[in-house]
Every structure is written in C-alpha cells, then in structure tokens.
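J.: The following block contains the structure, expressed as structure tokens.
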Amino acid sequence: MDPVRYEVEGGIAVATIASPPVNALSAALRASLAAAVRRATEDASVRALVIPAEGRTWIAGADISEFGKPPVSPTLAELIALLDACPKPVVAAIHAAALGGGLEVAMACTARVLGPAAKLGLPEVKLGLLPGSGGTQRAPRLMGAAAALKLMAGGDPLDAKAAMAAGLGEVLAEDDLRMVAIAHAAGLADGPLPAPVSRRDEGLGPREAFEAEAAALAKRAATEPQVAAMVACVRDAFELPFDQALARERQAFLDLLQDPRSKALRHVFFAEREAAKIAGIPRETKPRRVERAAVLGAGTMGAGIAMCFANAGIPVRVIETDEAAMQRGLARIRATYDASVKRGSLTEAARDARMALVEGAVGLEAAGEADMIVEAVFEEMSLKKQVFATLDRVAKPGAILASNTSYLDIDEMAAATSRPGDVLGMHFFSPANVMKLLEVVRARATAPDALVTAAEIGRRLGKVPVVVGVCFGFVGNRMLARRTQQVERLLLEGAAPDQVDKALTDFGFRMGPCAMGDLAGLDIGWRIRQATGKRAPVADALVEAGRLGQKTGKGYYLYPEGARAGVPDPEVTAMIERIAAQEGVARRAIPQEEILDRLLLPMVNEGARILDEGVAARPGDIDVVWLHGYNWPAWTGGPMHWAEARGLGGIIDRLAGFAAATGDESLRAAPALVRASAEGGFRALATA
Ligand code: 3H9
C-alpha cells in the first residue's frame, strides 16, 4: 500500500499520509511524499498542495529504527529541500502530533493549519539528539530564536492554542480541518507565493532574548551534549547564511547519533515499548473490566497504592483490621494530598474529588465488590496465605487478587485459593504514588487476561508495568540485593559510606545506597533480614545501636537538627572498623572505579541469571525496571544495555578479578553471562 494517497480537488492536490501506526518518516513514506510534491509541482492544473494525515498522529518524526543504518534516498533532508523549493504553496493540515522530523516537514511547508487536537514539538532532546532536518533553523524563524530554543531543550510539545500563539501555526481550524486547509491553500495560490520559512530571517527576534535563554541552559549544556549543540545551532541562525547553518546542524546531528548516550536513550525508547508487550500470551487477549478497587492494609504502601487508584479516578476501598488503623490510613492519605495542595501541585477541588473516591472499611468482607484487590499487609507468608484464603471466599468471581509483596512466593499465595488464575503480583515501588515502576508478577497459573488487566490498570495509574516471573525479590530487588551485599563488603574492606554513595551519584544515580537507606529507614531491611535469617554486619549494627536513619537523626550519616543531607560520622567509621576486625576483614583504600564496578557488575551478573531463568523475558525489560524503579540514569540505557556497551568479555574478567581478590566465588561470572558474551549479547538469553 502506498503510504500517501494523492487526489486533486478543484485544482488543489491533497496528499494524505496513512502509514500506521504513527506515520513515522520511513524510506517508503519519504519516497511517496516526495513523489506527491513533484507531481503537484509538475501538474500545471494544480495550484497548491495540502498534506493531511490519518491515524493517531500527523507525523511522529523520523523513523528511529532507521537511525544508524545507511541513508536511503530521498533522505529527510532531500524531502524537506523539495518542500522548501516548491514553487506552489504547500499547506500542512495537522490534526494530531507533529513531532521531530514531522514538525520539520511542517515547517518546510508554506503554512500550517492546525486542528484542535494538534500537538507540535521537537522531542529529539529526549533521544539525545537535536532536530536534524532544519528544525534548529526554521523553528527560530517561525517562533523567535529564544522560544524555539526553549521548545527544543524542553522536548514537550505545545498544544494547538499554544502553538498558534507561538507562531508555529497560521490557522486554527475548529472543525473540518481538511476543508479549511484546502481553502487556505487556495487563498495562498491566489496571491504571490510567500517566502519560504528558510528565508524569513526577520522572525529570529532579538539576539539578547536568545542569549538569555542560552545562558539559562548553560548548566544542562555542560552535561547534555545535545543541549550544547542546540544552543550552537540556533546561534548559527543569527550568524551564518541558512544553508551553511543547515550543514552545521546536519553534522551536529550525525555526531550526536554516534554518541553512546543517544544510543542508550534510543534503546530505552524501544525497550519501554517492547516491555509493554506481554510475552507468551495470545496477542488478542482482552483485559477484564475494573471499576472498583480495594487495597488491604493502610500502611505507607497501602495508602500510596490507594492514592494511585484515586488519582486515576478509580473508586477504592482501603481496608484495615480495625477502625483505628483504618482511620490512621485515611488520615495519611489526606495528609499527603494536603501537602500537595500546600505545594501548589494539586488544587483543593482535585484533592476533594480524589478523597471522595477513597472509602475506609474494616474487615476483608468489604473487598467483596472490588474488581481488583491489592493486598499490602505485613510481609509474612502465613498472614498472606490467610488473606488469600479469605479473599477466595469473599471476592467476587473474576476479581483480580494481587499481592504487593516485594519478595514472597506468589505461587504459594495462589495455592491458598481455589482460583489461582486470578492471582498475581502487583509490586509497587516506594513511594507508591510517585515511582513509575510496577512489576506485574506472573505466577505459574496466572491467566493471560488477568496479566493484561494488571498491566492495563498499571498504565491507567500512570505506571510503567513490566511483567516478571516469581523468584525471591523478582527482578528489581533481586538485583538490588547483589548491590546491597557489596555495599556491606565495601564498607568492611575500607570504603566510607560517602565514598560508596559518591561512586553511584557520579555515575548518575540521584542518591547512593547509604543515603537511600537512611531516608527509607534502615529498620525495613533489618526486619526482612530477621524474617529470612540473613545478616548484614554493618547495617544490623547500625539498627541495633538505634541508628535507623533520618527518622532517628542518625544512620550511616549524622543528620544534625533534622538536616536532609547527612554528614559523615566518625562514630560510624569506628563502628565499621570494629566489625571489620571482628570479621577478620583487612581494610584498604579502595579506588572509586573499583567501588563502582563492585556495586554494578554483580547486578549485571544477576541480571544474566534472571534472563536465563526466564524471570524477565528480555534484557530491555530489566533495563526498564531499573530506569523506572531505581532511577538508574537513562543516558546509560539501564544495567543490561550499559553492560553490553561496555563489553561483556571485560566484565567477565573484572568479576573474576574480584572473586580472586576477595575469595568470594559468588562474584564470578554466571554461566549465563559467559554464554551471553559468547553468543553476541543478552538477546541470546531472552525468551521473547
Ligand atoms: C527525529 O525526528 C529526528 C529528526 O529531527 C531528524 C532526522 C534526520 N520511529 O509510543 P507508541 C512506534 S527523531 C519509529 O506505543 P503512542 C513505536 O515503537 C524522532 N517508530 O504510541 C511503536 O511500535 P510498536 C522524533 C516509532 O500512541 C508504535 O510506533 N520523534 C516512532 O503511545 C506506537 O508507538 C519522537 O521522538 C518513530 N519516530 O504514542 C516521537 N514513534 O507498536 C516518538 C513511534 O512496534 N514517538 N514508533 O511497539 C512518540 O513519542 C510516541 O510514539 C507518540 C505516540 C507520542 C508519537
């Protein structure tokens, strides 16, 4: 099928784009569109050309999957040059998103007619790129250089009204976009041909306004190469003839395309979309209806999960075992919303509307009307089994029975019911109303439509759902445990808490593990270790000395007078030295790069095992877990992408070195990692 349908109506050619799913500028679409422009140019009976599109977007941009492959003519630059030089008016009729290369195509037209749902943006920055087909030159000429730079550096699109106000559109068509665009094109054909946008230098606006915007971006430009390049390219618009500036933009785009940071961000783009496809179930599986939810347990986690439902407009019952606990839970939810109102991020009306969706209740019977029940009770298997057995009795048929456990066996919980097909895990991350990740845990008997429902509800709650299998800690916490183990070891071997944290914050994490532990409360991990018979000499000693973290004013760090940022505490150093002596661990100065590798490489090793066991279906799923659940820096692509980019062979050697130096054989590369290295990467281990 030709992705462009060409018709002529009353002397106006209409080239309608239809290239699902998003009309990305693939080689085929570029060729068809270029052919349409030529045909309209050559046909003496045609006075103007209109370009509408069908589907959920106008043009979503260049085809990202073609990046890095040899260019196919006509390139986007060639297509855009053709539009720019067209001797007849060309009108873009934009009904939905025109993004990146899509907006660049629109800006090379003579005029842009926008429908009410149009969205215009240059999101390349999010892929580590800049607009590479004239966007850095045409956007400044249409909307002013300062505003254009802001649009590019921000990456978020403008809606139709804002785009009109900014000067990106000429006409806002409230309805019948196609007819309005045809009429506008006919009007343009009646007059002298307006200058192409590339020649409208007067549109750049004052140089000072641009320089002020550039100065405001200086900090980002220092760490994000694409932002620095954008600033330079827009400055070129003032200083160089259009064609020279265009050539420099092209070179900057090609340079960024090679940058590992852009490669990583593009990997993330596709990994996020792939993670949305659940492996091993029929494609056509439909979700169940969820109109009411119930959350069991109104502690921090339960309250946060209940807020997620309320925020998405889903009525939710918060169920506790007694009235007082229930009231405390409701008060907690109310207080969190009040804080948002105070900060100005939520209106009072929105708070009231959300609170109206939350209802407190006592006793599991109250879950009987819910279509989805998420239990967030204490992490203890016997209690969980009791809860599931009761739910089996009281829940309505077909209700999804979900556990928010962080590490317990969902199969065991499912076995406590007569309907294991309805049981799965929905593992939220703390704080539940903020963190984007949702691990949807697929147990042995979980029904495909139950999984699809959990993932769909996850998306409705604004989460990024990733389907994972049953194992201790699932994907995220299982890998985290490897890192936590190394934190303990490194502290004993001679690294200070702030050195451990710095290794990770320099890598790009927002917080290191010691500061994070202090923030969350060190008693949480301690309780899990107590329940599972594990020990962590340093962390245990801190808790047992009453150092629970920020809430007690001291943990790994000291927090004088409620300070949010901790300061190193000589008492902790002395404590660690004492424990190291007791454990017979020799202390030494450890270089930062060794600290970093000791923290990250065992996680990659565990990731390989997780893939090999099929607990995660694809390496990208693991990356998405870490990006959205633990703030792994996106420009490194996530742990698995980062490891591959660095080279698996080198990682295997480094792990062997650590195992030899520490005598800890668990540090050695897992057979799965060795196989991935031999077979060209982690994809070799994927089950989907
Ligand atoms: C650019 O334009 C560079 C130029 O300046 C210079 C070039 C020289 N390419 O997100 P969805 C696929 S850079 C290829 O689920 P939604 C996507 O993978 C580009 N594929 O839909 C998925 O495939 P699948 C600047 C693309 O409705 C399917 O389409 N543009 C592209 O939730 C559906 O996607 C951007 O950065 C693409 N450009 O959201 C915009 N876009 O079904 C990127 C999508 O096989 N796109 N796909 O998994 C988006 O932000 C969203 O897709 C959009 C629709 C908002 C458009």
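The values are calculated or read from the model by the stated rules, or taken from the named source; none is laboratory data. Small disclaimer: the values here were computed from a predicted structure and weren't measured. Neighbour counts run over all protein chains shown; Cβ positions are idealised from the backbone, glycine included. With ligands, DNA and RNA removed, areas are computed over all heavy atoms of the protein, side chains included. Shrake-Rupley method; radii C 1.70, N 1.55, O 1.52, S 1.80 Å.
J.: Mind giving me the FRET efficiency for Met1 and Val46? R0 is 25 Å, r the Cβ-Cβ distance, nearest 0.05 is fine. Numbers along the way, then the final one.
T.: Working: r = 23 Å, r/R0 = 0.93.
With R0 = 25 Å, the Cβ-Cβ based efficiency is 0.60.
J.: From Cα coordinates alone, what are the radius of gyration and Dmax values for region 597-685 in angstrom?
T.: Gyration radius and largest Cα-Cα distance of region 597-685: 12.2, 34 Å.
J.: Residues of the chain: accessible area per residue at 1.4 Å, in Å²? Intermediate results must be reported in sequence, preceding the final value.
T.: Numbers: 28450 Å² over 688 residues.
Accessible surface, normalised per residue, equals 41 Å².
J.: Given the Cα atoms of region 4-258, and with Rh set as the inverse mean 1/r over their pairs in the Kirkwood sense, what is Rg to Rh to two decimals?
T.: Working: Rg = 17.0 Å, Rh = 17.9 Å.
Answer for region 4-258: 0.95.
J.: A further question on this structure: By the scheme Lys and Arg +1, Asp and Glu -1, what is the net charge of all other residues having a beta-carbon under 9 Å from that of Val197? It would help to have the intermediate numbers written out before the result.
T.: Numbers: positive: Arg138, Arg141, Arg199, Arg200; negative: Asp84.
Once all neighbours under 9 Å are counted, the net charge is +3.
J.: Taking all pairs of different Cα atoms in the chain, averaging 1/r and flipping that mean, what Kirkwood radius in angstroms comes out? Walk me through the numbers on the way to the answer.
T.: Values: mean 1/r = 0.0356 Å⁻¹.
Mean inverse Cα-Cα distance, inverted, gives 28.1 Å.
J.: Which length gain, in nm to one decimal place, applies between Ala361 and Arg529 when the Cα-Cα distance is subtracted from 0.36 nm times their residue separation?
T.: Working: separation 168, 0.36 × 168 = 60.48 nm, distance 3.20 nm.
That works out to 57.3 nm of additional length.
J.: Using +1 at the C-beta of Lys and Arg and -1 at the C-beta of Asp and Glu, which of Leu596, Gln530, Gly517 has the Cα lying farthest in the positive direction of the dipole of region 516-618?
T.: Working it through, the farthest residue towards the positive pole turns out to be Gln530.
J.: Sticking with this one: Using the per-residue mean of other Cβ atoms lying within 10 Å as a proxy for protection, in what order, highest first, do the peptides 359-372, 662-675, 81-94 fall?
T.: Numbers: 359-372: 18.5, 662-675: 16.4, 81-94: 22.1.
So the order, starting with the most tightly packed, is 81-94, 359-372, 662-675.
J.: Would you mind calculating the gained length between Thr223 and Thr285 on full extension (0.36 nm times residue separation, minus the Cα-Cα distance), in nm to one decimal?
T.: Numbers: separation 62, 0.36 × 62 = 22.32 nm, distance 4.38 nm.
Result for the pair: 17.9 nm of gain on full extension.
J.: Starting from the residue with the highest accessible area, list Asp422, Asp255 in decreasing order, probe 1.4 Å. Intermediate results must be reported in sequence, preceding the final value.
T.: Details: Asp422 20, Asp255 90 Å².
Descending accessible area places them as Asp255, Asp422.
J.: Highest mean first, how do 602-612, 131-141, 497-507, 373-383 rank when packing is the count of other Cβ atoms within 10 Å averaged over residues? Display every interim value, and only then the final one.
T.: On the way: 602-612: 24.5, 131-141: 28.0, 497-507: 20.2, 373-383: 18.6.
So the order, starting with the most tightly packed, is 131-141, 602-612, 497-507, 373-383.
J.: In what sequence, largest accessible area first, do His628, His427 appear using a 1.4 Å probe? Please list the in-between numbers first.
T.: Numbers: His628 40, His427 5 Å².
Largest accessible area first, the residues go His628, His427.
J.: Nearest 500 deg cm²/dmol is fine: what mean residue ellipticity at 222 nm does the chain get from its DSSP H runs of n ≥ 4 alone, each adding -39,500 (n - 2.57), divided by its residue count? Kindly include the intermediate steps, with their values, before the conclusion.
T.: Details: 29 runs with 343 residues, N = 688.
For the chain, the value works out to -15500 deg cm²/dmol.
J.: Continuing with the same structure: Once you put a point 7 Å from the Cα of Ser345 and another 7 Å from the Cα of Lys436, both along the Cβ direction, what distance in nm separates them?
T.: Placing both labels 7 Å along Cα→Cβ, they lie 1.5 nm apart.
J.: Moving on. By the gyration tensor of its Cα atoms, with a ≥ b ≥ c the square roots of the eigenvalues, what is the shape of region 506-599: rounded for a/c under 1.5, prolate for a/b over b/c, or oblate? Don't skip to the answer; put the middle values down first.
T.: Values: a/c = 1.32, a/b = 1.06, b/c = 1.24.
Judged from the Cα gyration tensor, region 506-599 comes out rounded (a/c under 1.5).
J.: What are the GluC sites (Glu not before Pro) within region 148-243 that DSSP puts in a loop, where the Cβ has at most 14 other Cβ atoms within 10 Å? Let's see the in-between values first.
T.: Values: sites: Glu170, Glu174, Glu202, Glu208, Glu211, Glu213, Glu239; in loops: Glu170, Glu174.
Those that pass, being in a loop and sparsely packed, are Glu174.
J.: What's the magnitude of the charge dipole for the chain around its Cα centre, counting Lys and Arg as +1 and Asp and Glu as -1 at the beta-carbon? Answer in Debye, nearest 20.
T.: Working: 78 positive and 83 negative charges, 65 e Å.
It works out to roughly 300 debye.
J.: Considering only the other residues whose Cβ falls under 12 Å of the Cβ of Gly299, what net charge follows from Lys and Arg at +1 and Asp and Glu at -1?
T.: Working: positive: Arg328, Arg332; negative: Glu320, Glu375, Glu379.
Local net charge: -1.
J.: Students often check this: by mean Cβ neighbours within 10 Å, which of 63-74, 650-661 ranks highest, and how do the rest follow?
T.: Details: 63-74: 13.0, 650-661: 15.8.
Packing order, densest peptide first, comes out as 650-661, 63-74.
J.: Percent of accessible area on region 293-471 owned by carbon and sulfur, 1.4 Å probe? It would help to have the intermediate numbers written out before the result.
T.: Details: 3600 of 6730 Å².
Heavy-atom surface of region 293-471 belonging to carbon and sulfur, 1.4 Å probe: 53 percent.
J.: Heavy-atom accessible area of Met307 with all protein chains present, probe 1.4 Å, nearest 10 Å²?
T.: Its heavy atoms expose roughly 10 Å² to the probe.
J.: First select every other residue whose beta carbon is under 12 angstrom from the beta carbon of Arg235; then total the charges, Lys and Arg +1, Asp and Glu -1.
T.: Details: positive: Arg207, Arg248; negative: Glu211, Glu213, Asp236, Glu239, Glu249.
With Lys, Arg at +1 and Asp, Glu at -1, the net is -3.
J.: Heavy atoms only, probe 1.4 angstrom, no DNA, RNA or ligands counted: give me Lys342, Lys161 ranked by accessible area, highest first. Walk me through the numbers before you get to the answer.
T.: Numbers: Lys342 185, Lys161 150 Å².
From most accessible down to least: Lys342, Lys161.
J.: Extending each Cα 7 Å along its Cβ direction at Arg328 and Ala212, get the distance between those two points in nm, one decimal.
T.: According to this spin-label approximation, the distance is 5.3 nm.
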